[in-house]
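Structure first, commentary second.
The values are calculated or read from the model by the stated rules, or taken from the named source; none is laboratory data. What you are looking at is a predicted structure, and each value in this text was computed from that prediction instead of being measured. Because the Cβ atoms are built from the backbone with ideal geometry, glycine has one as well, and the counts that use them run over all protein chains shown. Accessible surface areas use protein heavy atoms only, side chains included; no ligands, DNA or RNA. Shrake-Rupley method; radii C 1.70, N 1.55, O 1.52, S 1.80 Å.
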Amino acid sequence: MMLEAERQSVVDACHVMQNKGLVVGTAGNVSIRVDDLVVISPSAVPYEELTAADVCVHRLDGTPVEARLKPSSELPLHLSVYQATDAGGITHNHAPASTAMGLVCDEVPCSHYYSAMFGGPIRVAPYAEFGTDDLARNVTEALAGRKGALMSNHGAITTGPTLAKALDLLPYLEYICEVQLRAMSTGRPVKTLSAEQMADAGIGISGYTPAALNTDKS
Ligand code: 13P
């Protein structure tokens, strides 16, 4: 079996998402890029039954290389992000706070300095049907200069140089959205951080590039 270690990493990442309560049922998918190949979770297989052999290997153009099962319906999304960025890993989920936040705003403001981990305010990609090229395009655009985005009426996505790094970001994205939702639910104005405060915070966060920060004072 080719890319056995990467396939096992995909299975392990799915189990982490499940164990941390970041997925509902079989919703969500993860992938790793290895040169011009993408190692991606299969569609709709219960995570507790998932094995490395079930994980699909496709070329960057989508052609199957070693895939006994149907790949994730979000294969076009993963391919599009890999084609547009230097990401090495992607996670996508439907956790409640990030999904809810995507229903009430077009951008999550920098109310917590953890937003620096993502390169600034997190954009919400406009809705398009799951699995479509339209969704892939909208989300790829929302990810420009960012390591995470929300997907309107759908869920969330994180990217990283490796799948492990993308997976590490997923709970932070959910936390940022949960905090923002709770603050908004008070009906009081929500305090946000200035670009300077965000840049200062970013310098202290490993793997973060201050240059990627949006300098708008919004
Ligand atoms: P898959 O099981 O096909 O990956 O679909 C789940 C999902 O998250 C769709 O957006």
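Observations
- Flag set for LYS191, criterion: open to solvent by 40 Å² or more (accessible area, probe 1.4 Å), assigned to a loop (DSSP other than H, G, I, E, B), among the basic types (Lys, Arg) and modelled with pLDDT of 95 or more.
- Candidates VAL45, VAL57, VAL34, VAL104: the one that is among the β-branched types (Val, Ile, Thr), away from the ligand (no atom under 14 Å from the Cβ), surrounded by fewer than 20 Cβ atoms within 10 Å (Cβ to Cβ) and over 22 Å from ILE176 (Cα atoms) is VAL34.
- Look at the range 64-81: where a residue is more than 14 Å from the ligand (Cβ to nearest atom) and a partner is part of a strand (DSSP E or B) and open to solvent by 50 Å² or more (accessible area, probe 1.4 Å), sitting 6+ places away or on another chain with Cβ atoms under 8 Å, you get VAL65/ARG59.
- Residues considered: ALA27, ALA5. Of these, the only one that is assigned to a helix (DSSP H, G or I) and either on the phi < 0 side of the Ramachandran plot or surrounded by 21 or more Cβ atoms within 10 Å (Cβ to Cβ) (or both) is ALA5.
- Screening the range 80-188 for helices (runs of 4 or more DSSP H) wholly inside it with 3 or more residues that are of a type in the set (Asp, Glu) returns the ranges 133-142, 163-185.
- In the range 129-152, the residues that are within 11 Å of the ligand (Cβ to nearest atom) and over 13 Å from the mean Cα position of the chain (by Cα): GLU129, PHE130, GLY131, THR132, LEU135
- When residues of the range 60-92 are limited to those that are under 22 Å from ASN138 (Cα atoms) and charged (D, E, K, R), the one surrounded by the most Cβ atoms within 10 Å (Cβ to Cβ): GLU74
- Residue, nearest to ASP86 (Cα to Cα), within the range 136-166, restricted to residues that are open to solvent by less than 30 Å² (accessible area, probe 1.4 Å) and free of Cβ contacts under 8 Å to residues at least 60 places away in the same chain: GLY148
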